[in-house]
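Trainee: Following this message is one structure expressed as structure tokens.
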Amino acid sequence: MNPILALAAKDLRILMRDKTGFFFSLIWPLLLAVLFGTIFGGGGDGGGTIPIIVVDEDGTDASRAFLARLEAAPELEVTAGTRTEAVDEVRRGKKSAFVVIKRGFGEAGENPFWGEPPTVELGADPARGAEAGMIEGILMKYASERLKDFFANTTLQQESIAEAKRAVREADDMDPGLRSRFEGFFGALDDLLRETDNLQEADTANAFGNGLGGFTPLEVEQAEIIVERRWPTNAYAISFPQGIAWGLIGVAAGFGISLVSERTRGTLMRLQTAPISRTAILAGKALACFTTTVTLSFVLLIVGRLIFGLRPSSVGMAAFAVVSSAVAFAGIMMLLSVLGKTEQAAGGIGWAVLIMLSMFGGGMIPLFVLPGWMRTVSHVSPVKWSILALEGAVWRQFSFMEMLLPCGILIAVGVVCFAIGARAFDWVQRS
Amino acid sequence: MAGAAILELKNLSKSFGPIRAVDDLTFEIHEGEIFGLLGPNGAGKTTTVNMAAGLIEPDGGSVSLRGGGLPADPATRSCIGMAPQALAVYDALSGEENLKFFGTLQGLRGKRLRERVAWALEFVDLVGREKDRVKTYSGGMKRRLNLAAALLHEPPLLLLDEPTVGVDPQSRNAIFERITALRDDGRAVLYTTHYMEEAQRLCDRVGIMDHGRLLALDKVEELIRTHGGTSVIHVDRGRGEERIETDDPMGELVKMHAEGKVLTFRVDSPDLECVFLNLTGRHLRDD
């Protein structure tokens, strides 16, 4: 076996046997990614659904149909319940709001030309004002769809007009002049609907379009276009790149400390008396670090893909991001190994540096949440470029040219850090 | 004198800042010889060993292996086998895995590697425990493994830095036997130790260092004769114990016996420790 491969294989074997090291190198980043992804919203396209509970107090065909519309709505996660249950669930924060379809909803809906409109009651958690506004809009949307169906059905309209004409006739207290105008209006409307029916039967509907078919104010045609997604598909798309970044940091710190450990325990001395160059010894350590970070990254991406709905734009882009990040952190590992003369010193200094890089690089909090000056400072952190490259592959759908900037920076960081670290390592050895 | 010189140090010097760790050191080690390098803490022994192994570059002078090769050159370095004072093995690996790894770095492959690993395990009496992780080994077993890792590639020169620190008498004795066997096999051994009785028992020649300088270098018996001082007779002739220093303890005892009654006596002959203390002084060295 090539000495560099033998050195790397030795380090990987030791890592696999170090249960604590293995846990923090591979399992902990995965747990972080899953935990934070779940906390910040979990899966689901387009940012998730709003949980509501619906109470049908009307119990008519119309109210049941409206409930069915809401249940089928992709924006909502609907459960049915009683009013008591609804109030309790919202009060305890289990649901964002409750909607009560009030008694008389169905009857009111049958007569859009007169009487009270169909009514629902919305009770929302005061702490979720924005969601309450969204729910109100969603309810209006599905109510108007119901109205649209009504205007598309001339038979229903004619029945409703007949009912309205009857109610006008029986309204004793109505002003005779107003009654006369209502009767004229409903009569003309009734005639128009009959005329429309006749025209449709004569297959001349095109002259009127769809007649009164729905009073559609604007017909929006759905055009098929390629959507350029610039927003994560779900919270895991943010938490997994961050988890990978934490894994890279942990692995770099671990291997940096292990190199110091080789020095303090004397094994490095034995390696240096072998007929291999010092560069080969360091390259072996870097290769082990590189292999571990690549494995870690792919394990997280595969788990994210299979279980948490991540959809990397391409395997090639993901590999480019992963390999670039691994190169960067292998170089950083080399630099960390010369920061302290003991494992404790190297570990302390290394983690302090890495946590700062992570904090300013978006490893702890997504960069877009940070203040502007921190986003500017983040340019110096390889964690930022690593996360950007991974996000570019996972949800930003970067092109190859767009990937070149973060990946190029990462590779440059890796090469420069390795060169400086190797030189400093020689210096430390000589001193 | 043993065979040809395998390691030559000429006017070797090394400083660390203001400290002169090694000062104009010259000696050579031959095939089939155990060369003991003795000295108090901070005398410069480890720096000398590290320069001999090519781990540290000397400020002045030269190190040559087998008549000209430089130890810093990886091609030449394979003639060195080093057992550092620290237990330079991996606790998480088994004894066999450690040896296979170090053997691979020495360029051994395939059947040859397996044979050498088996030989080394047998040589240091670790057969039966070779599959166990090193962290389960006793101190003596780790020391023997540390030695075995230095022998895998059959180097003609062994650099053994305090190879018996912290081991029980049985393991120490086993290590002595192995080192003697290696010497008898024609290998050269540079042996540093604090234990005078080890050096006296094992070493063909001994160099005594202090403050980076070589104070004396010769065969053990010559060093004792030259620097050991006189023998001391502790005798009781009915007047309490008397202490008599003499170069001829036998003659002195015969003379005392002829003069009158000798109840008890004990003779303390000079040894290597006397040589060491006479040369380096009796004040404490804490660094």
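The values are calculated or read from the model by the stated rules, or taken from the named source; none is laboratory data. Values in this document were obtained by computation on a predicted structure and should not be read as measured data. A quick note on method: Cβ atoms are made from the backbone with ideal geometry, for glycine too, and the neighbour counts reach across all protein chains shown. Note: areas computed on protein heavy atoms with side chains; ligands, DNA, RNA excluded. Shrake-Rupley method; radii C 1.70, N 1.55, O 1.52, S 1.80 Å.
Trainee: Of (1) basic (K, R); (2) over 17 Å from B:G36 (Cβ atoms); (3) in the same structural domain as B:L160 (by TED's automatic domain parsing), B:R237 satisfies all except one. Which?
Mentor: (3)
Trainee: Now for a different question. When you check A:W385 against the structure, is it of a type in the set (F, W, Y), surrounded by fewer than 21 Cβ atoms within 10 Å (Cβ to Cβ) and either in contact with a Leu (Cβ under 8 Å, 6 or more places away or on another chain) or not in a loop (DSSP other than H, G, I, E, B) (or both), yes or no? Give the derivation first.
Mentor: On the way: of a type in the set (F, W, Y): yes; surrounded by fewer than 21 Cβ atoms within 10 Å (Cβ to Cβ): no; either in contact with a Leu (Cβ under 8 Å, 6 or more places away or on another chain) or not in a loop (DSSP other than H, G, I, E, B) (or both): yes.
It is false that A:W385 is of a type in the set (F, W, Y), surrounded by fewer than 21 Cβ atoms within 10 Å (Cβ to Cβ) and either in contact with a Leu (Cβ under 8 Å, 6 or more places away or on another chain) or not in a loop (DSSP other than H, G, I, E, B) (or both).
Trainee: Now for a separate question. For the structure I just gave you, tell me whether B:G36 is assigned to a loop (DSSP other than H, G, I, E, B), away from chain A (no Cβ under 12 Å) and closer than 23 Å to B:K219 by Cβ.
Mentor: Spelling it out, it is not the case that B:G36 is assigned to a loop (DSSP other than H, G, I, E, B), away from chain A (no Cβ under 12 Å) and closer than 23 Å to B:K219 by Cβ.
Trainee: May I pose another question? Among the residues of segment B:39-53 satisfying the criterion of being in a loop (DSSP other than H, G, I, E, B) and open to solvent by 20 Å² or more (accessible area, probe 1.4 Å), which is nearest to B:P18 (Cα to Cα)?
Mentor: For segment B:39-53, the residue satisfying everything is B:G42.
Trainee: Residue by residue through segment A:385-431, note down the ones that are among the aromatic types (F, W, Y) and away from chain B (no Cβ under 14 Å). Walk me through it before giving the result.
Mentor: At the first step, the residues of segment A:385-431 found to be among the aromatic types (F, W, Y) are A:385, A:395, A:398, A:400, A:418, A:425, A:427.
Once the filter is applied, which keeps residues that are among the aromatic types (F, W, Y) and away from chain B (no Cβ under 14 Å), segment A:385-431 yields A:W385, A:W395, A:F398, A:F400, A:F418.
Trainee: Restricting to segment B:68-90, what's the tally of residues that are open to solvent by less than 40 Å² (accessible area, probe 1.4 Å) and among the acidic types (D, E)?
Mentor: Residues flagged as open to solvent by less than 40 Å² (accessible area, probe 1.4 Å) and among the acidic types (D, E) within segment B:68-90 amount to 0.
Trainee: Determine whether segment B:246-262 contains at least one residue that is touching a Leu at 6+ places or on another chain (Cβ under 8 Å), open to solvent by 10 Å² or more (accessible area, probe 1.4 Å) and over 30 Å from B:T104 (Cβ atoms). First the steps, then the outcome.
Mentor: We begin by selecting, within segment B:246-262, every residue touching a Leu at 6+ places or on another chain (Cβ under 8 Å); these are B:262.
Now drop any that are not open to solvent by 10 Å² or more (accessible area, probe 1.4 Å), which leaves B:262.
When the remaining residues are screened for being over 30 Å from B:T104 (Cβ atoms), the result is B:262.
Yes, there is a match, as at least one residue in segment B:246-262 is touching a Leu at 6+ places or on another chain (Cβ under 8 Å), open to solvent by 10 Å² or more (accessible area, probe 1.4 Å) and over 30 Å from B:T104 (Cβ atoms).
Trainee: What residue, of B:V167, B:V220, B:V235, B:V189, is touching a Gly at 6+ places or on another chain (Cβ under 6 Å) and either surrounded by 16 or more Cβ atoms within 10 Å (Cβ to Cβ) or closer than 30 Å to A:R270 by Cβ (or both)? Show your work before the answer.
Mentor: Details: B:V220 fails: touching a Gly at 6+ places or on another chain (Cβ under 6 Å); B:V235 fails: touching a Gly at 6+ places or on another chain (Cβ under 6 Å); B:V189 fails: touching a Gly at 6+ places or on another chain (Cβ under 6 Å).
Just a single option satisfies the conditions, and that option is B:V167.
Trainee: For the subset of segment B:105-135 comprising residues that are open to solvent by less than 80 Å² (accessible area, probe 1.4 Å), within 14 Å of another protein chain (Cβ to nearest Cβ) and free of Cβ contacts under 8 Å to residues at least 12 places away in the same chain, which member is nearest to the chain's Cα centre (by Cα)?
Mentor: Among those that are open to solvent by less than 80 Å² (accessible area, probe 1.4 Å), within 14 Å of another protein chain (Cβ to nearest Cβ) and free of Cβ contacts under 8 Å to residues at least 12 places away in the same chain, it is B:L105.
Trainee: Do the conditions hold for B:V63, that is, is it modelled with pLDDT of 95 or more and either within 14 Å of chain A (Cβ to nearest Cβ) or in contact with a His (Cβ under 8 Å, 6 or more places away or on another chain) (or both)?
Mentor: On the way: modelled with pLDDT of 95 or more: no; either within 14 Å of chain A (Cβ to nearest Cβ) or in contact with a His (Cβ under 8 Å, 6 or more places away or on another chain) (or both): yes.
Criteria not met by B:V63.
Trainee: Quick one: A:I276 ticks every box in (1) within 17 Å of A:A8 (Cβ to Cβ); (2) part of a helix (DSSP H, G or I) bar one, so which box is it?
Mentor: Unmet condition: (2).
Trainee: Spot the failing condition for A:S313; the list is (1) of a type outside the set (F, W, Y); (2) under 19 Å from A:C407 (Cβ atoms); (3) open to solvent by less than 10 Å² (accessible area, probe 1.4 Å); (4) under 24 Å from the mean Cα position of the chain (by Cα), and only one is missed.
Mentor: (3)
Trainee: Can we say B:I19 is without any contact (Cβ under 8 Å) to a residue 24 or more places away in the chain, β-branched (V, I, T) and more than 10 Å from every other protein chain (Cβ to nearest Cβ)? Walk me through it before giving the result.
Mentor: Values: without any contact (Cβ under 8 Å) to a residue 24 or more places away in the chain: yes; β-branched (V, I, T): yes; more than 10 Å from every other protein chain (Cβ to nearest Cβ): yes.
Yes.
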